[in-house]
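What follows is calculated from the coordinates using simple rules that are stated; it is not laboratory data. Just so we're clear, the structure is a prediction, and the values are computed from it rather than from any experiment. Note that we place each Cβ from the backbone using ideal geometry, even for glycine, and neighbour counts take in every protein chain shown.
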């Protein structure tokens, strides 16, 4: 496909600012922010910087999109917590934890911020809009 991937680590506010300073020179076509507690705590900063630099970005959870990020695709936390409750109930009823199957999320949410897409000059294809779990305008 001719795409280049670059992994950049940022574990402090200063490093996030340094990364975006480099983005001003390098002009990446897109950004994927991985699931990370520190980065989630800086979601407003990340959404603001990607908007400022007009970088389309995708995030692991909806919290970023709610503060202005373009889009997120990640596990449905309500469903995950429901699964935790089911497991807890089974254990309380006598099931041995070691004998319970390992579960993995099987419900994911696609959330799109249409205002951010318009600000970036992007048109979200109708097929993608149709499968979105939520569109924020």
Fill in: residue 37 vs. criteria loosely packed, with under 14 Cβ neighbours inside 10 Å and closer than 27 Å to residue 9 by Cβ
yes
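Out of curiosity, is residue 68 on the phi > 0 side of the Ramachandran plot, touching a helix residue (DSSP H, G or I) at 6+ places or on another chain (Cβ under 6 Å) and outside any helix (DSSP H, G or I)?
Numbers: on the phi > 0 side of the Ramachandran plot: yes; touching a helix residue (DSSP H, G or I) at 6+ places or on another chain (Cβ under 6 Å): yes; outside any helix (DSSP H, G or I): yes.
Yes, satisfied.
On the given criteria, is residue 39 in contact with a helix residue (DSSP H, G or I) (Cβ under 6 Å, 6 or more places away or on another chain) and part of a helix (DSSP H, G or I)?
Details: in contact with a helix residue (DSSP H, G or I) (Cβ under 6 Å, 6 or more places away or on another chain): no; part of a helix (DSSP H, G or I): yes.
It is false that residue 39 is in contact with a helix residue (DSSP H, G or I) (Cβ under 6 Å, 6 or more places away or on another chain) and part of a helix (DSSP H, G or I).
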Worksheet item: Can you pull out the residues in segment 103-124 that are within 10 Å of residue 136 (Cα to Cα) and loosely packed, with under 15 Cβ neighbours inside 10 Å?
Response: 115
Practice prompt. Check segment 72-81 and report whether any residue there is touching a residue at least 60 places away in the same chain (Cβ under 8 Å) and not in a helix (DSSP H, G or I).
Written response: no
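Please count how many residues of segment 48-65 are assigned to a helix (DSSP H, G or I) and free of Cβ contacts under 8 Å to residues at least 60 places away in the same chain.
The first filter runs over segment 48-65 and keeps only residues assigned to a helix (DSSP H, G or I), leaving 48-52, 62-65.
Cutting the leftovers down to free of Cβ contacts under 8 Å to residues at least 60 places away in the same chain gives us 48-50, 52, 63-64.
Number satisfying all stated conditions: 6.
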